[in-house]
Amino acid sequence: MRLFSDNRASSTAVQYMLTFTIGLLVLSSLTVTLEDITERQEEKITVDHLEYVGNEISVQLLHQHRLVQDNDRTESIISDAGGSVSGGGIETTVYLDTPEEITSQGYSAQISSDGNELIMRSSQLSIETSVPIDPSIPVRANSGATGGKILIIYDSAQNELYLQSTDGV
């Protein structure tokens, strides 16, 4: 009769299953939590890098605008002094070497439709951020380029700067 009243084996098996289940639940919740933290960190790093590259492009647009203004002032001074300037203005193209990828994914830079912002977009994570452009800079709305070698071109006929990818050249 002692054989039927022995419950030690079932209690060990139940205890093992409970411990295993609780451990599995703890491990699963930790995995989900860490995955979420990692994903948010990747998004933040992507936004930071997009803003950095966008600021670099915005600063180069400002430098090109100042170069064009300086050239216009020089032409005006020469004309006021009775001289003449040949060549019909300045044509500038700047090759801006930006990273081809940010956090292992492509991106693009596009001037907004009102010309006051540079919209930076990540191609795979669907992350978008904007960087202000000095409103005094005449830019071509909706012009843009993908990451890598970006051209900043001054169009003297339209008196505006615009962005273009080197693959479009």
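None of the figures in this text is laboratory data; all of them are computed from the coordinates on show. Here the structure is a predicted model, which is why all the values come from computation and not from measurement. Heads up, the Cβs are rebuilt from the backbone with ideal geometry, glycines too, and the neighbour counts pull from every protein chain shown.
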If each K or R counts +1 and each D or E counts -1, the residues other than L50 whose Cβ falls under 10 Å of its Cβ total -2
Where a ≥ b ≥ c are root eigenvalues of the Cα gyration tensor, a/c under 1.5 meaning rounded, otherwise prolate if a/b exceeds b/c and oblate otherwise, region 45-168 counts as prolate
